[in-house]
Amino acid sequence: MLRIFTRSMLVVAGTVAIAMSGSVASGSAAISTPPAVTTIEPGVGDVVGVAMPLTVRFAAPVDNRLAAQQSLRITSPKTPGGEFSWLSDSVMQWTPTSFWPAHSPISVSAGDFATEFRTGASVVGVADIDAYTFTVSIDDQVVREMPASMGKPKFPTPVGTFRVLGKESVVVMDSRTIGIPLDDPEGYKLTVYDAVRITWGGVYVHGAPWSTGSQGYANVSHGCINLSPDNADWYFNTVGMGDPVIVQS
């Protein structure tokens with residue numbers, strides 16, 4: 001089960017230390033030292049999007065999550081607030097609740113492990129369900145507004161702020177993975193190009209030549225954000241890991 005912890009932040013000279021609200025119970029669990037950190041992502045030299053989370057992997061299961069969270073230190077020109085989650089007993093994630101500053105160096109440490117990476121340009125995609133558009137801005141300047149088609153009423157595109165999780169130049173989308181048999185009227189098995197994943201549940205921004213007649217006019221997908229092949233190719237080659245995608249209605 002994913003457990004979410006939201007914590008307040010202390011900011012001193014650009015350095016963020018995790019501060020816990022409330023008191024910590026006494027006893028061995030409260031004073032135990034977390035296991036050694038094996039990796040922190042992003043890694044040294046990486047260039048990432050402004051919505052990229054920090055992922056900390058420990059060498060063994062963590063008994064004292066409070067101490068592990070308190071060990072995280074972030075230094076950047078302007079550090080956003082954030083939330084902790086635990087992806088497993090040994091993997092901690094800190095997700096910014098707003099965006100990192102663009103074109104900036106970020107330093108992160110936990111325990112004796114440290115990394116330094118950079119953010120690139122602020123590449124933000126906004127999918128407007130009611131307007132049937134997908135608009136991309138780079139460093140606060142709109143560079144492309146594209147007709148789009150989002151999820152039909154029975155299969156709505158989720159609303160919220162997401163981030164690019166991966167890019168696949170070719171992917172086969174099979175309705176059986178979301179519980180729809182191929183022989184169902186809503187069933188499908190399609191080869192899709194220029195697919196940018198924004199949820200682990202299978203929502204992508206991708207090329208959809210079969211829905212170009214609806215793009216800009218109607219929402220007909222099964223939850224993905226459909227673009228024309230040319231627009232999908234442009235977005236695929238423009239966007240990077242950790243770039244935000246905002247879906248609004």
Vicinal HN-Hα couplings computed from phi for segment 160-172 (Karplus, 6.51 cos²θ - 1.76 cosθ + 1.60; Hz; Gly/Pro x): x, 9, 10, 9, 5, 9, x, 10, 10, 5, 9, 9, 8
With Cα atoms, 0 to 90° folded angle of helix 229-238 axis to the chain main axis: 20 degrees
Solvent-accessible area per residue for the chain (1.4 angstrom probe, square angstrom): 49 Å²
By a straight-distance test (C-alpha under 21 Å), which lysines pair with Lys167 as possible cross-link partners, with residues fewer than eight away in the same chain excluded? Lys189
Averaging the inverse of every distinct alpha carbon separation and then flipping it gives the Kirkwood radius. What is it for segment 66-171, in angstrom units? 16.8 Å
Exposed-site-free run, longest, the chain (rule: trypsin sites (Lys or Arg not before Pro); DSSP loop; at most 16 other C-beta within 10 Å): 155-249
Between Ala59 and Ser104, how high is the FRET efficiency from 1/(1 + (r/R0)^6) when r is the Cβ-Cβ distance and R₀ = 41 Å? Nearest 0.05. 0.85
With +1 on each Lys and Arg Cβ and -1 on each Asp and Glu Cβ, and nothing else charged, work out how big the dipole of the chain is about its Cα centre, in Debye to the nearest 20. 540 debye
Note down the relative contact order for segment 37-119 as a percent, whole number, built from C-alpha pairs under 8 angstrom at least six residues apart. 41 percent
Excluding same-chain residues fewer than 8 positions from Lys154, which aspartates and glutamates have a Cα within less than 16 Å of its Cα? Asp130, Asp184, Glu186
Across the chain, how large is the tail of the calculated P(r) beyond 21 Å, expressed as a percent of all Cα pairs? 62 percent
Heavy atoms of Glu168 accessible to a 1.4 Å probe, total area in Å² rounded to 10: 60 Å²
Report ³J(HN,Hα) in whole Hz for each residue of segment 99-104, in order, from the Karplus equation J = 6.51 cos²θ - 1.76 cosθ + 1.60 where θ = phi - 60°; Gly and Pro get x. 10, 4, x, 6, 6, 10
Given backbone amide H placed at 1.01 Å from N, residues whose amide H is under 5 Å from that of Gly223, ignoring those fewer than 5 places away on the same chain, are Gly151, Lys152
Residue-wise, which Karplus ³J(HN,Hα) couplings in Hz belong to segment 73-85, taking 6.51 cos²θ - 1.76 cosθ + 1.60, θ = phi - 60°, and x for glycine or proline? 10, 10, 10, 7, x, 7, 8, x, x, x, 10, 8, 9
For the chain, set up a GNM with springs between Cα atoms under 10 Å and report which of Ala36, Ala102, Ala232 has the largest fluctuation. Ala36
Label point distance in nm, Asp233-Asp130, each placed 7 Å from Cα along Cα→Cβ: 3.5 nm
Calculated from DSSP helices alone, with each H run of at least 4 adding -39500 (n - 2.57) and the total divided by the residues of the chain, [θ]222 nm to the nearest 500 comes to -2000 deg cm²/dmol
Between Val142 and Ser175, what length in nm is gained on full extension when 0.36 nm per residue of separation is reduced by their alpha carbon distance? 8.5 nm
Charge dipole of segment 53-207 about the Cα centre (unit charges at C-beta), most positive-ward option of Gln70, Phe99, Met146: Gln70
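The values are calculated or read from the model by the stated rules, or taken from the named source; none is laboratory data. Computed from a predicted structure; not experimentally measured. Glycine gets a Cβ as well: all are built from the backbone with ideal geometry, and neighbour counts include every protein chain shown. These accessible areas exclude ligands, DNA and RNA; they are computed on the full protein's heavy atoms, side chains included. Shrake-Rupley method; radii C 1.70, N 1.55, O 1.52, S 1.80 Å.
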